[in-house]
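Comments concern the structure below.
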Amino acid sequence: MFPYLPHTEEDIKSMLEVIGVESIDALFDDVPEKIRLKELLNINEPMSELEVSQYMKKFADSNKGVDDLVCFLGAGAYDHYIPSIIKHITSRSEFYTAYTPYQPEISQGTLQAIFEYQSMICELTGMDVANASLYDGSTATAEGALMACGATRRNKIAVSRTVSPGTRKVLETYTKYKGIELIEIEENDGVTDIDDLRNKMNKDVAGVIVQNPNFFGIIEDMSEVEKITHDSKGLLMINADPISLAILKTPGEYGADIVIGEGQSLGNPLNFGGPYLGFISCTKKLMRKLPGRIVGQAEDVNGKRGFVLTLQAREQHIRRDKATSNITSNQGLNALTAAIYLSTLGKEGLKEVAKNCLKKAHYAAELIGKSSKYELRFNKPFFMEFVVKSSIKPEKVNKELLHNNILGGYELGGDYSNYNDDILLCVTEKRTKKQIDDLVNIMEGM
């Protein structure tokens, strides 16, 4: 097998003659001689397609994913069961290759799929309107912060340290270059420090961001957070886990103004980190500040139902200085995946998934809590993640687990210096009783 060379010697000679150049090297006369590369590039000899395929497969096989390991790692990306129907539908060419629906008259399928997705997000979050999704949960949180500042005309955002460290880093990057001051609210025993929030909240703070369940897996008491935020005329932003919303109170019931989060758990595989999708929804009062695309339902001249892009606040549709955001796309295929997942499970199926996560996580926590080498760090209600304080170095625990084909928990010391001996474990509905028992026995046997 030989590489495909599109240009013959005659083709090259003909093109050089047309532009009046004697050789290919002459095309680079503007590049000073002293900085030109004089020797060949230090790369492998050319390989055939077959050889390249085998070479790359060798590297791919060195990776280990959740099909090879029993996963107890969460911290923002979760190993949930994905119904087989999702792959079959999303692999269809009309979905897999669909692009931006600029012309609604020929994009009704894409627009309806997004409309259904938006409607489901509104049902889950208890909000009035949602957009066509964002890049991921972290950027969705940042967009929510910018949205709050635009709506209130204030330039400060308060964020709890119980929000995912990765999300806070993205938020810091977004706000830094927008001239927005980011205020961190301290964490106290695994939850948002209410006294610190009360002390730092003032009339300059546009909004407060709290994650629920938070990064430690704990279900936060949002009543005081809501009161303090709204008493100062700020906006309450809740970063939510969509699976948990099947059994917990919706952010809307807590009085949230903006709800953001990561939708990977809604049928999207882990994919070694992406692509994912961020969801964002809000109250009707704020919908004109919502970034990205929004699909609306309408009627044509014959009274038939149709779908269109509406409230178009993107810079591609209106004057750049009037745009709410420079977000340029939506994760259409990932949002479609989420819509298929939610449709396949239905209301009761999603509840069953959430309840199984809750029960299995509590079973694991109860067993580990009885150990002489480990203890539960927090005595607070949690969903499917919990923090374990270890008498053995967390990295040593995870190394031993990996040796037994178990992907252990998230080591908290890198992000929280006060939790250097702690591991964040996650138990989803996929974990069996035997897998949980094996985890505990290996940890205890160290």
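Looking at the range 10-21, is at least one residue free of Cβ contacts under 8 Å to residues at least 40 places away in the same chain, open to solvent by 100 Å² or more (accessible area, probe 1.4 Å), on the phi < 0 side of the Ramachandran plot and in a loop (DSSP other than H, G, I, E, B)?
no
Could you count how many residues in the range 35-58 are modelled with pLDDT under 90, more than 39 Å from the chain's Cα centre (by Cα) and not in a loop (DSSP other than H, G, I, E, B)?
Counting residues in the range 35-58 that are modelled with pLDDT under 90, more than 39 Å from the chain's Cα centre (by Cα) and not in a loop (DSSP other than H, G, I, E, B) gives 0.
What number of residues in the range 294-312 are at pLDDT below 85 and in contact with a Lys or Arg (Cβ under 7 Å, 6 or more places away or on another chain)?
The number of residues fulfilling the criteria is 1.
Find the residue count for the range 176-199, including only residues that are assigned to a loop (DSSP other than H, G, I, E, B) and over 24 Å from residue 383 (Cβ atoms).
Number of matching residues: 4.
Can you find even one residue in the range 292-311 that is open to solvent by 10 Å² or more (accessible area, probe 1.4 Å), without any contact (Cβ under 8 Å) to a residue 12 or more places away in the chain and of a type in the set (Val, Ile, Thr)?
Within the range 292-311, one or more residues are open to solvent by 10 Å² or more (accessible area, probe 1.4 Å), without any contact (Cβ under 8 Å) to a residue 12 or more places away in the chain and of a type in the set (Val, Ile, Thr).
Just to verify a result, which residue in the range 168-194, among those that are among the aliphatic types (A, V, I, L, M) and open to solvent by 10 Å² or more (accessible area, probe 1.4 Å), is nearest to residue 153 (Cα to Cα)?
If we take residues in the range 168-194 being among the aliphatic types (A, V, I, L, M) and open to solvent by 10 Å² or more (accessible area, probe 1.4 Å), then 180 is nearest to residue 153 (Cα to Cα).
Kindly evaluate residue 385 against the criterion of being within 17 Å of residue 423 (Cβ to Cβ) and under 24 Å from the mean Cα position of the chain (by Cα).
Spelling it out, residue 385 is indeed within 17 Å of residue 423 (Cβ to Cβ) and under 24 Å from the mean Cα position of the chain (by Cα).
Specify which of the listed residues (442, 423, 436) is under 26 Å from the mean Cα position of the chain (by Cα) and either part of a helix (DSSP H, G or I) or modelled with pLDDT of 95 or more (or both).
Step by step, each of 442, 423, 436 is checked, and only 423 is under 26 Å from the mean Cα position of the chain (by Cα) and either part of a helix (DSSP H, G or I) or modelled with pLDDT of 95 or more (or both).
Looking at the range 371-406 only, could you name the residues that are of a type outside the set (A, V, I, L, M, F, W, C) and either in contact with a Ser or Thr (Cβ under 6 Å, 6 or more places away or on another chain) or assigned to a strand (DSSP E or B) (or both)?
373, 374, 375, 385, 389, 390
Residue 87 is checked against (1) assigned to a loop (DSSP other than H, G, I, E, B); (2) among the charged types (D, E, K, R); (3) within 28 Å of residue 385 (Cβ to Cβ) and fails just one. What number does that condition carry?
(1)
Table: residues versus (1) open to solvent by less than 10 Å² (accessible area, probe 1.4 Å); (2) within 25 Å of the chain's Cα centre (by Cα).
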residue: 196; (1), (2): no, no
residue: 199; (1), (2): no, no
residue: 204; (1), (2): no, no
residue: 217; (1), (2): yes, yes
residue: 221; (1), (2): no, yes
residue: 224; (1), (2): no, no
residue: 229; (1), (2): yes, no
residue: 232; (1), (2): no, no
residue: 240; (1), (2): yes, yes
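I'd like to check something: does the range 327-344 contain any residue that is free of Cβ contacts under 8 Å to residues at least 12 places away in the same chain and open to solvent by 50 Å² or more (accessible area, probe 1.4 Å)?
No; the residues of the range 327-344 include none that is free of Cβ contacts under 8 Å to residues at least 12 places away in the same chain and open to solvent by 50 Å² or more (accessible area, probe 1.4 Å).
Can you run down the residue pairs with Cβ atoms below 7 Å, 6 or more apart or on separate chains, where the first is in the range 392-410 and open to solvent by 20 Å² or more (accessible area, probe 1.4 Å) and the partner is in a strand (DSSP E or B)?
395/411; 398/411; 405/70; 407/70; 407/71; 410/423; 410/424
Please go through the range 346-375 and give me each residue that is open to solvent by less than 60 Å² (accessible area, probe 1.4 Å), over 22 Å from residue 77 (Cβ atoms) and free of Cβ contacts under 8 Å to residues at least 40 places away in the same chain, ordered by number.
346, 369, listed by residue number.
Hey, any hits in the range 65-88 for a residue that's out of contact with any helix residue (DSSP H, G or I) (no Cβ under 6 Å at 6 or more places or on another chain), farther than 30 Å from residue 213 by Cα and open to solvent by 100 Å² or more (accessible area, probe 1.4 Å)?
yes
Out of 252, 274, report the one residue that is within 19 Å of residue 332 (Cβ to Cβ), among the small types (Gly, Ala, Ser) and under 23 Å from the mean Cα position of the chain (by Cα).
It is 274.
For the range 120-148, which positions are more than 19 Å from the chain's Cα centre (by Cα) and either part of a loop (DSSP other than H, G, I, E, B) or surrounded by fewer than 24 Cβ atoms within 10 Å (Cβ to Cβ) (or both)?
123, 126, 127, 128, 129
The values are calculated or read from the model by the stated rules, or taken from the named source; none is laboratory data. All values derive from a computational prediction rather than experimental measurement. As a convention, Cβ positions derive from the backbone with ideal geometry for all residues, glycine included, and neighbour counts pool all protein chains shown. Heavy atoms of the whole protein, side chains included, go into the accessibility calculation; ligands, DNA and RNA do not. Shrake-Rupley method; radii C 1.70, N 1.55, O 1.52, S 1.80 Å.
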